[in-house]
Amino acid sequence: MPVAEYETRTDSVLAWKKNQKLGRFDPNAPTIEQQRIRASEREIEERGIVLGARVRILPESDARRGTVSYTGPVPEIPGIGYWVGVTLDEPTGKNDGTVNGKRYFECGKNCGVFLRAERCEVGDFPALDFGDEDLEEL
């Protein structure tokens, strides 16, 4: 049955949903943007990402670690939802806690990075010791 014909029928599930104001026909239903924001908030909560938590950046091959310094929206970064601002242990980041001139958290030059929650693993991760590898005796 063509879509246009189905949409005009009064004895269909679609007509029933319209009459009951369910799903996309509910005037109080959250927008797709609101749903994405809520999903990213839940992801942060479920992963235990809180200010001051130690995290390592995923995938594990990235080998960067740091401390959560910000969670929330960052309108200057494209994409809907919440971001996690991490102060890295080493200056391997992209910023100093600012995006387009707006400060979200304090950290040293190139020690800040903003990530999605799925790229952060919370745990008891001590700072990696990149130490004096060149000073090892042969």
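Hey, among the residues in the stretch 118-138 that are at pLDDT 70 or above and exposed (fewer than 10 other Cβ atoms within 10 Å of the Cβ), which one's farthest from Asp89 (Cα to Cα)? Break it down into steps so the answer makes sense when it comes.
So the first thing to find is which residues in the stretch 118-138 are at pLDDT 70 or above, and the list is 118-129.
Checking the rest, the ones that are also exposed (fewer than 10 other Cβ atoms within 10 Å of the Cβ) come to 124, 126, 129.
Numbers: Asp124: 14, Pro126: 9, Asp129: 10 Å.
Among residues in the stretch 118-138 that are at pLDDT 70 or above and exposed (fewer than 10 other Cβ atoms within 10 Å of the Cβ), the one farthest from Asp89 (Cα to Cα) is Asp124.
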- Message: Can you find, within the stretch 1-43, the residue that is farthest from Thr71 (Cα to Cα) among those that are touching a residue at least 40 places away in the same chain (Cβ under 8 Å) and charged (D, E, K, R)?
- Response: Glu33
- Matching residues in the stretch 66-77 - criterion: being assigned to a loop (DSSP other than H, G, I, E, B) and over 12 Å from the mean Cα position of the chain (by Cα): Pro75, Glu76
- The one condition in (1) in contact with an Asp or Glu (Cβ under 7 Å, 6 or more places away or on another chain); (2) in a loop (DSSP other than H, G, I, E, B) that Glu118 fails to fulfil: (2)
- Query: Here are Lys109, Lys94, Lys102: which of them is exposed (fewer than 12 other Cβ atoms within 10 Å of the Cβ) and in contact with a strand residue (DSSP E or B) (Cβ under 6 Å, 6 or more places away or on another chain)?
  - Reply: Lys94
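Here is a yes/no grid of residues against (1) polar (S, T, N, Q); (2) more than 24 Å from Arg36 (Cβ to Cβ); (3) under 15 Å from the mean Cα position of the chain (by Cα):
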{"site": "Ala63", "(1), (2), (3)": "no, yes, no"}
{"site": "Gly85", "(1), (2), (3)": "no, no, yes"}
{"site": "Thr92", "(1), (2), (3)": "yes, yes, no"}
{"site": "Val99", "(1), (2), (3)": "no, no, no"}
{"site": "Cys107", "(1), (2), (3)": "no, yes, no"}
{"site": "Leu115", "(1), (2), (3)": "no, no, yes"}
{"site": "Phe125", "(1), (2), (3)": "no, yes, no"}
{"site": "Leu128", "(1), (2), (3)": "no, yes, no"}
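Taking the stretch 16-59 as the search range and keeping residues that are of a type in the set (A, V, I, L, M) and touching a Lys or Arg at 6+ places or on another chain (Cβ under 6 Å), which one is nearest to Glu90 (Cα to Cα)? Even if it seems obvious, please write down each step before you answer.
Filtering the stretch 16-59 for residues of a type in the set (A, V, I, L, M) gives 22, 29, 32, 37, 39, 44, 49-51, 53, 55, 57-58.
Within this subset, residues satisfying the condition of being touching a Lys or Arg at 6+ places or on another chain (Cβ under 6 Å) are 57-58.
Details: Ile57: 13, Leu58: 16 Å.
The extreme case among them is Ile57.
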- Message: Can you tell me which condition Asp26 does not meet? The list is (1) farther than 30 Å from Val3 by Cβ; (2) over 17 Å from the mean Cα position of the chain (by Cα), and all the others hold.
- Response: (1)
- Query: Out of all the residues in the stretch 80-91, which are on the phi > 0 side of the Ramachandran plot and either surrounded by fewer than 13 Cβ atoms within 10 Å (Cβ to Cβ) or in contact with a His (Cβ under 7 Å, 6 or more places away or on another chain) (or both)?
  - Reply: none
- Give just the number: which of (1) in contact with a Gly (Cβ under 6 Å, 6 or more places away or on another chain); (2) modelled with pLDDT under 95; (3) of a type outside the set (Phe, Trp, Tyr) does Ser69 not satisfy? (2)
- surrounded by 13 or more Cβ atoms within 10 Å (Cβ to Cβ), touching a Ser or Thr at 6+ places or on another chain (Cβ under 9 Å) and of a type in the set (S, T, N, Q): does that describe Thr67? yes
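The values are calculated or read from the model by the stated rules, or taken from the named source; none is laboratory data. Note that the structure is predicted; figures quoted are calculated from it, not measured. In this analysis, Cβ positions are derived from the backbone assuming ideal geometry, glycine residues included, and neighbour counts consider all displayed protein chains.
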